[in-house]
Amino acid sequence: MFFQLFENVTEKDKSDAVEKLITQSSPRRDFFLLVILSISMATFGIVLDSVVILIGSMLIAPVLYPVISLAMGIVMHDKVLVSKSFFTLLKSIMYAVVAATFISFLFLKFSHSGDPLVIKAIVDTEQSLIMYAIVAAIAGVAASFAMVKPNLNATIPGIAVSVSLVPPLAAIGYGISKFNWTFITNFSLLFLVNIAGIIFSSLVVFSFFDFRDKQKVAAKSIQKEERILEKENNTEVE
């Protein structure tokens, strides 16, 4: 019964999943705009000590997509997809930390006294990191499975909320603004643990779905996105 979950998928479904994932993780200007908006919300959630705002920031964050596309690139042995996904993720992290640091510096005086409760208790022990890694792995299974199943695509924003990708980046910027080395190191470690958990579990799921023969689909999708990016760059120059 378990393996039937991975057999009941058409080749079209798999091709569509590859195309959609590459499109969603493409380093366009609107992608990075959403990264900055989501990290801005998350930073205000930390400064104002508001869980509601923090959750809202995770709903619009696109950071999950390049992480999953990185796992798909590894499964397909596609060096181009792995490279593009990695650099999109790296650039997202850079934008996120810079934005979070800038906002924290500007609005730190409006925060509550002491460290915000929404992040204060996170990553205190080795045991908590292990549990966060397990949660990230579960989220990775859910996200990669939903990406392939057309009827489950709508669940991905909810999955993004379950795994901590945006809050740690916002907390790193917050830590930099306060020169708090503990925050910086703890949340950097949390972010890396979550990334590792998602990639590992996504690798397993995509391997079960057997995406190894979808390199041509990926190549066409990447070429399409590169043409769109080229048009954006030409428009910007003009």
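All conditions in (1) loosely packed, with under 14 Cβ neighbours inside 10 Å; (2) within 30 Å of Gly45 (Cα to Cα) hold for Arg227, with the sole exception of (2).
Take Phe107 and decide whether it is of a type in the set (Phe, Trp, Tyr) and either within 15 Å of Gly197 (Cβ to Cβ) or at pLDDT below 85 (or both). Spelling it out, Phe107 is indeed of a type in the set (Phe, Trp, Tyr) and either within 15 Å of Gly197 (Cβ to Cβ) or at pLDDT below 85 (or both). Condition check for Ser50 on (1) more than 24 Å from Phe145 (Cα to Cα); (2) modelled with pLDDT of 85 or more; (3) not aromatic (Phe, Trp, Tyr): one failure, at (2). Residue count for the stretch 7-28 under the criterion of being under 18 Å from Ser69 (Cα atoms) and either in contact (Cβ under 8 Å) with a residue 60 or more places away in the chain or surrounded by 20 or more Cβ atoms within 10 Å (Cβ to Cβ) (or both): the result is 15.
To keep it simple, each residue is scored yes or no on (1) surrounded by fewer than 20 Cβ atoms within 10 Å (Cβ to Cβ); (2) polar (S, T, N, Q).
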position	(1), (2)
Ala61	no, no
Met72	no, no
His77	yes, no
Val80	yes, no
Ser83	yes, yes
Ala99	no, no
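Only helices (runs of 4 or more DSSP H) whose full extent lies in the stretch 139-238 are considered here, and the ones with at least 1 residues that are modelled with pLDDT of 85 or more are 166-177, 181-209, 215-237.
When the stretch 32-72 is filtered for residues that are touching a residue at least 40 places away in the same chain (Cβ under 8 Å), more than 25 Å from Ile199 (Cβ to Cβ) and part of a helix (DSSP H, G or I), the ones remaining, listed by number, are Ser40, Thr43, Phe44, Gly45, Ile46, Val47, Val51.
The values are calculated or read from the model by the stated rules, or taken from the named source; none is laboratory data. Note that the structure is a prediction, hence the values are computed from the model and not measured. Virtual Cβ from ideal backbone geometry, glycine too; neighbours counted across all protein chains shown.
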